[in-house]
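Trainee: Can you keep this structure in mind? I'll have questions shortly.
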Amino acid sequence: MIFAESAMPETSERVDGLHYLICSTPRSGSSLLCGALWHTEIAGHPDDYFSRERLDEVSWAGDASSYCRRIFERGATANGVAGVKTMWLDLEGLARRIQAHAAPPRRTAYHAGNIDECFPPVRSIWTTRRDKLRQAISLARASQTQIWRVRAGAPRETGEPVFDAASIEGYRLQIETWESQWQRYFAERGIDPFRVVYEDFIANYESTVRQLIGWLGVPTPDAYPVPAPTLERLADPTTEEWVERYQHWRARPHPWHWLRARASRVRRGR
């Protein structure tokens, strides 16, 4: 759990069966959104319950549907609203785990594109970011320093990331691939997700949270708090320096066959 508990509004009505899935790419503001929803205490406790480490905390029992329902229930507030955040790779990992336990084995294997057949009815939220370059830089820096989030008011640990334009390009291309996979996922299911654009979210934090809770259909008391953000923004002058250095690098002629190979290795985590 990365967020602190807070008191649930006493007048919040209970609703059963209201589940949602936050569909994300890294560094798109999904943790900020999870914290915002978490601390209202009426909109679920979303977190990355599909990650490999968190899946290990849930033992297999029953069938795939009951297993997924129990995972979603981990992200529930006392009023019954439940949320899960996932990256595309985590969805693929969940599919592999369920396929390994499927009995009898399915003729068509579970994969990220059909694993939602095992989910309870869910509503989809999509976090995205217009500025893919700054998103890639954020991902490159976090991957090097392993500083993924900092609580508001907490001392910020310092790391020494090294600028590598080709690696940043690889992350940018990978982010675009993940976004394309989410778009295909929505299109194939006829899903019109609630879209949270990072740049708009940080500029209109409270109103975005209230609009989302209304869209979900969560019964709300006459007045409920939307606490201030619980996480610090990690962008700093180094980010802007890297943007400028990348743009200079991108304007130069390059042997593109080499760059594509280098970017591919970054996307595979090598």
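The values are calculated or read from the model by the stated rules, or taken from the named source; none is laboratory data. All figures in this text were calculated on a predicted structure; none of them were measured in a lab. Cβ coordinates were reconstructed from backbone atoms using ideal geometry, including for glycine residues, and neighbour counts include every protein chain displayed.
Trainee: Please list, ordered by first then second residue, the pairs with beta carbon atoms under 7 Å, 6 or more apart or interchain, first in region 160-177 and touching a residue at least 24 places away in the same chain (Cβ under 8 Å) and under 13 Å from Ser143 (Cβ atoms), second surrounded by 19 or more Cβ atoms within 10 Å (Cβ to Cβ) and of a type in the set (S, T, N, Q).
Mentor: Here the result reads Ile175/Thr25; Ile175/Gln135, each pair linking region 160-177 to a residue that is surrounded by 19 or more Cβ atoms within 10 Å (Cβ to Cβ) and of a type in the set (S, T, N, Q).
Trainee: If the requirement is being farther than 20 Å from Ala142 by Cβ and at pLDDT 95 or above, which of these qualifies: His45, His39? Steps first, answer last, please.
Mentor: On the way: His39 fails: at pLDDT 95 or above.
His45 is the lone residue from the list that is farther than 20 Å from Ala142 by Cβ and at pLDDT 95 or above.
Trainee: Restricting to region 36-73, what's the tally of residues that are crowded, with 17+ Cβ neighbours inside 10 Å, assigned to a loop (DSSP other than H, G, I, E, B), of a type outside the set (Ser, Thr, Tyr) and in contact with a helix residue (DSSP H, G or I) (Cβ under 8 Å, 6 or more places away or on another chain)?
Mentor: Of the residues in region 36-73, 8 are crowded, with 17+ Cβ neighbours inside 10 Å, assigned to a loop (DSSP other than H, G, I, E, B), of a type outside the set (Ser, Thr, Tyr) and in contact with a helix residue (DSSP H, G or I) (Cβ under 8 Å, 6 or more places away or on another chain).
Trainee: Condition (residue is in contact (Cβ under 8 Å) with a residue 40 or more places away in the chain, surrounded by fewer than 20 Cβ atoms within 10 Å (Cβ to Cβ), on the phi < 0 side of the Ramachandran plot and in a loop (DSSP other than H, G, I, E, B)) applied to region 97-109: is it met by at least one residue?
Mentor: The answer is no, given that none of the residues of region 97-109 is in contact (Cβ under 8 Å) with a residue 40 or more places away in the chain, surrounded by fewer than 20 Cβ atoms within 10 Å (Cβ to Cβ), on the phi < 0 side of the Ramachandran plot and in a loop (DSSP other than H, G, I, E, B).
Trainee: Give region 74-88 a look and list any residue that's out of contact with any strand residue (DSSP E or B) (no Cβ under 7 Å at 6 or more places or on another chain) and surrounded by 15 or more Cβ atoms within 10 Å (Cβ to Cβ), or say none.
Mentor: Filtering region 74-88 for residues out of contact with any strand residue (DSSP E or B) (no Cβ under 7 Å at 6 or more places or on another chain) gives 74, 77-81, 88.
Result: Arg74, Thr77, Asn79, Gly80, Val81, Trp88.
Trainee: For region 27-64, which positions are over 26 Å from Gly217 (Cβ atoms) and touching a Phe, Trp or Tyr at 6+ places or on another chain (Cβ under 8 Å)? Talk me through it step by step, then tell me what you get.
Mentor: Taking region 27-64 as the starting set, the residues that turn out to be over 26 Å from Gly217 (Cβ atoms) are 27, 51-64.
Answer for region 27-64, where residues must be over 26 Å from Gly217 (Cβ atoms) and touching a Phe, Trp or Tyr at 6+ places or on another chain (Cβ under 8 Å): Leu55, Val58, Trp60, Ala61, Ala64.
Trainee: Please determine, by comparing only the residues of region 110-134 that are out of contact with any strand residue (DSSP E or B) (no Cβ under 7 Å at 6 or more places or on another chain) and within 16 Å of Tyr67 (Cβ to Cβ), which one is surrounded by the fewest Cβ atoms within 10 Å (Cβ to Cβ).
Mentor: This residue is Glu117.
Trainee: Still on this structure, I have one more. Looking only at region 193-200, decide whether some residue is within 23 Å of Val81 (Cβ to Cβ), modelled with pLDDT of 95 or more and basic (Lys, Arg).
Mentor: yes
Trainee: To continue, here is another question. Restricting the first residue to region 13-42 and requiring it to be among the basic types (Lys, Arg), which pairs with a second residue that is assigned to a helix (DSSP H, G or I) meet a Cβ separation below 6 Å and a spacing of at least six or different chains?
Mentor: Arg27/Gln135; Arg27/Ser138; Arg27/Leu139
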